[in-house]
1. Looking only at the range 30-52, which residues are assigned to a helix (DSSP H, G or I) and not aliphatic (A, V, I, L, M)?
2. Can you pull out every residue in the range 128-140 that is among the aliphatic types (A, V, I, L, M) and either over 18 Å from the mean Cα position of the chain (by Cα) or at pLDDT below 95 (or both)?
3. Conditions: (1) without any contact (Cβ under 8 Å) to a residue 40 or more places away in the chain; (2) surrounded by fewer than 18 Cβ atoms within 10 Å (Cβ to Cβ); (3) farther than 13 Å from ILE38 by Cα. GLU134 meets all but one. Number of the miss?
4. Working only within the range 122-131, note down all residues that are within 23 Å of LEU33 (Cα to Cα) and surrounded by 14 or more Cβ atoms within 10 Å (Cβ to Cβ).
5. May I ask you to list the residues in the range 112-121 that are crowded, with 19+ Cβ neighbours inside 10 Å and either part of a loop (DSSP other than H, G, I, E, B) or within 13 Å of the chain's Cα centre (by Cα) (or both)?
6. Residue under question is LEU47, and the condition is that it be surrounded by fewer than 19 Cβ atoms within 10 Å (Cβ to Cβ) and either over 20 Å from LEU119 (Cα atoms) or not small (Gly, Ala, Ser) (or both); does it hold?
7. Please state which one of LEU70, LEU62, LEU103 is closer than 24 Å to ASP9 by Cβ and surrounded by 15 or more Cβ atoms within 10 Å (Cβ to Cβ).
8. So how many residues does the range 86-104 have that are assigned to a helix (DSSP H, G or I) and touching a helix residue (DSSP H, G or I) at 6+ places or on another chain (Cβ under 8 Å)?
Amino acid sequence: MFPGAKVKDVIKGILQIKEENSPYVGDLDIDKLKDLTIAYMEGKNFLDISELLPQSKGNDHLKNVRRFVLSVIPSVSYAIGIFSKLLKRKADDENVHIDGDILFLATIVKEGVISASMLRYKEKHFLMRVACHEEYLSLH
(Lines give C-alpha, C1' and ligand atoms only; values in the text may rest on other atoms or scores of the structure.)
Protein backbone atom coordinates (compact mmCIF):
# COMPACT_ATOMS: atom_id res chain seq x y z
CA MET A 1 0.00 0.00 0.00
CA PHE A 2 2.68 2.57 0.97
CA PRO A 3 5.16 3.56 -0.21
CA GLY A 4 5.75 2.30 -3.73
CA ALA A 5 9.23 1.66 -5.11
CA LYS A 6 9.31 5.01 -6.93
CA VAL A 7 8.30 6.90 -3.78
CA LYS A 8 10.92 4.99 -1.76
CA ASP A 9 13.57 6.05 -4.26
CA VAL A 10 12.45 9.69 -4.00
CA ILE A 11 12.56 9.51 -0.20
CA LYS A 12 16.01 7.92 -0.25
CA GLY A 13 17.27 10.68 -2.53
CA ILE A 14 15.74 13.47 -0.48
CA LEU A 15 17.02 12.10 2.83
CA GLN A 16 20.34 11.03 1.26
CA ILE A 17 19.94 7.44 2.45
CA LYS A 18 22.73 5.18 1.21
CA GLU A 19 21.79 1.51 0.75
CA GLU A 20 24.95 0.07 2.22
CA ASN A 21 25.10 2.00 5.50
CA SER A 22 21.53 2.84 6.44
CA PRO A 23 19.28 1.11 8.94
CA TYR A 24 16.35 2.77 7.16
CA VAL A 25 16.52 1.21 3.70
CA GLY A 26 13.67 -1.21 4.35
CA ASP A 27 11.34 0.99 6.32
CA LEU A 28 12.92 4.40 5.64
CA ASP A 29 13.33 7.09 8.28
CA ILE A 30 9.78 7.42 9.59
CA ASP A 31 10.69 10.13 12.12
CA LYS A 32 12.18 12.34 9.39
CA LEU A 33 9.15 11.75 7.15
CA LYS A 34 6.89 12.65 10.06
CA ASP A 35 8.82 15.88 10.71
CA LEU A 36 8.69 16.89 7.04
CA THR A 37 4.98 16.09 6.76
CA ILE A 38 4.13 18.01 9.93
CA ALA A 39 6.15 21.02 8.75
CA TYR A 40 4.23 20.94 5.46
CA MET A 41 0.89 20.67 7.27
CA GLU A 42 1.82 23.49 9.66
CA GLY A 43 2.17 25.84 6.70
CA LYS A 44 5.93 26.16 6.69
CA ASN A 45 7.31 27.56 3.44
CA PHE A 46 9.64 25.48 1.27
CA LEU A 47 12.73 27.24 2.58
CA ASP A 48 11.84 26.40 6.20
CA ILE A 49 11.02 22.81 5.28
CA SER A 50 14.35 22.50 3.46
CA GLU A 51 16.16 23.17 6.75
CA LEU A 52 14.89 19.79 7.98
CA LEU A 53 16.68 17.99 5.14
CA PRO A 54 20.27 16.74 5.16
CA GLN A 55 22.73 19.23 3.71
CA SER A 56 22.82 19.25 -0.06
CA LYS A 57 24.49 21.37 -2.71
CA GLY A 58 23.08 24.55 -4.24
CA ASN A 59 19.43 24.55 -5.18
CA ASP A 60 19.00 20.86 -4.35
CA HIS A 61 17.35 21.77 -1.05
CA LEU A 62 14.34 23.43 -2.65
CA LYS A 63 14.23 20.86 -5.44
CA ASN A 64 14.11 18.11 -2.80
CA VAL A 65 11.26 19.85 -0.96
CA ARG A 66 9.33 20.09 -4.24
CA ARG A 67 9.97 16.39 -4.88
CA PHE A 68 8.76 15.60 -1.36
CA VAL A 69 5.56 17.60 -1.83
CA LEU A 70 4.84 16.26 -5.32
CA SER A 71 5.76 12.59 -4.72
CA VAL A 72 5.68 11.74 -1.03
CA ILE A 73 2.79 13.84 0.31
CA PRO A 74 0.26 12.22 -2.09
CA SER A 75 1.39 8.74 -0.97
CA VAL A 76 1.15 9.69 2.71
CA SER A 77 -2.25 11.25 2.04
CA TYR A 78 -3.46 8.12 0.24
CA ALA A 79 -2.38 5.82 3.08
CA ILE A 80 -4.04 8.06 5.66
CA GLY A 81 -7.20 8.18 3.55
CA ILE A 82 -7.46 4.40 3.48
CA PHE A 83 -6.86 4.22 7.23
CA SER A 84 -9.46 6.90 8.03
CA LYS A 85 -12.11 5.25 5.84
CA LEU A 86 -11.50 1.86 7.44
CA LEU A 87 -11.59 3.40 10.90
CA LYS A 88 -14.86 5.22 10.16
CA ARG A 89 -16.44 2.08 8.70
CA LYS A 90 -15.38 0.01 11.72
CA ALA A 91 -16.75 2.65 14.11
CA ASP A 92 -20.05 2.77 12.23
CA ASP A 93 -20.30 -1.04 12.28
CA GLU A 94 -19.84 -1.00 16.06
CA ASN A 95 -22.14 2.02 16.60
CA VAL A 96 -19.27 4.14 17.89
CA HIS A 97 -19.47 7.83 17.02
CA ILE A 98 -16.46 9.30 15.25
CA ASP A 99 -16.73 12.78 13.80
CA GLY A 100 -17.26 12.66 10.04
CA ASP A 101 -14.33 15.05 9.60
CA ILE A 102 -12.07 12.02 9.92
CA LEU A 103 -12.94 11.29 6.30
CA PHE A 104 -11.18 14.53 5.33
CA LEU A 105 -7.82 13.44 6.79
CA ALA A 106 -6.33 12.53 3.42
CA THR A 107 -7.29 15.89 1.94
CA ILE A 108 -6.09 17.72 5.05
CA VAL A 109 -2.63 16.17 4.62
CA LYS A 110 -2.56 16.68 0.84
CA GLU A 111 -3.63 20.32 1.08
CA GLY A 112 -1.17 21.03 3.92
CA VAL A 113 -3.60 22.25 6.56
CA ILE A 114 -4.15 21.19 10.16
CA SER A 115 -7.92 20.81 10.49
CA ALA A 116 -11.13 20.31 8.55
CA SER A 117 -12.20 23.85 9.39
CA MET A 118 -8.94 25.23 7.98
CA LEU A 119 -9.45 23.11 4.87
CA ARG A 120 -12.94 24.58 4.41
CA TYR A 121 -11.53 28.09 4.92
CA LYS A 122 -8.77 27.44 2.36
CA GLU A 123 -11.27 26.21 -0.22
CA LYS A 124 -13.79 28.99 0.45
CA HIS A 125 -11.20 31.76 0.08
CA PHE A 126 -9.14 30.12 -2.71
CA LEU A 127 -5.89 30.45 -0.73
CA MET A 128 -2.53 28.81 -1.19
CA ARG A 129 -1.21 26.71 1.71
CA VAL A 130 1.12 29.21 3.45
CA ALA A 131 -1.26 32.15 2.94
CA CYS A 132 -4.12 30.08 4.34
CA HIS A 133 -2.19 29.35 7.53
CA GLU A 134 -1.27 33.00 8.04
CA GLU A 135 -4.78 34.31 7.41
CA TYR A 136 -6.69 31.54 9.20
CA LEU A 137 -4.51 31.59 12.31
CA SER A 138 -4.72 35.38 12.54
CA LEU A 139 -8.52 35.06 12.71
CA HIS A 140 -8.75 32.12 15.10
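1. ASP31, LYS32, LYS34, ASP35, THR37, TYR40, PHE46, ASP48, SER50
2. Within the range 128-140, LEU137, LEU139 meet the criteria.
3. Going through the list (1) without any contact (Cβ under 8 Å) to a residue 40 or more places away in the chain; (2) surrounded by fewer than 18 Cβ atoms within 10 Å (Cβ to Cβ); (3) farther than 13 Å from ILE38 by Cα, GLU134 breaks only (1).
4. Those that are within 23 Å of LEU33 (Cα to Cα) and surrounded by 14 or more Cβ atoms within 10 Å (Cβ to Cβ): ARG129, VAL130.
5. Within the range 112-121, GLY112, VAL113 meet the criteria.
6. Here the answer is yes, as LEU47 does meet what is asked.
7. Exactly one of LEU70, LEU62, LEU103 is closer than 24 Å to ASP9 by Cβ and surrounded by 15 or more Cβ atoms within 10 Å (Cβ to Cβ), namely LEU62.
8. Step one: filter the range 86-104 for residues assigned to a helix (DSSP H, G or I), giving 86-93, 100-104.
Those still in the list that are touching a helix residue (DSSP H, G or I) at 6+ places or on another chain (Cβ under 8 Å) too: 87-88, 100-104.
Number of matching residues: 7.
The values are calculated or read from the model by the stated rules, or taken from the named source; none is laboratory data. None of the values given here were measured: they were computed from a predicted structure. For neighbour counting, all protein chains shown are included, and Cβ atoms are generated from backbone atoms with ideal geometry for every residue, glycine included.
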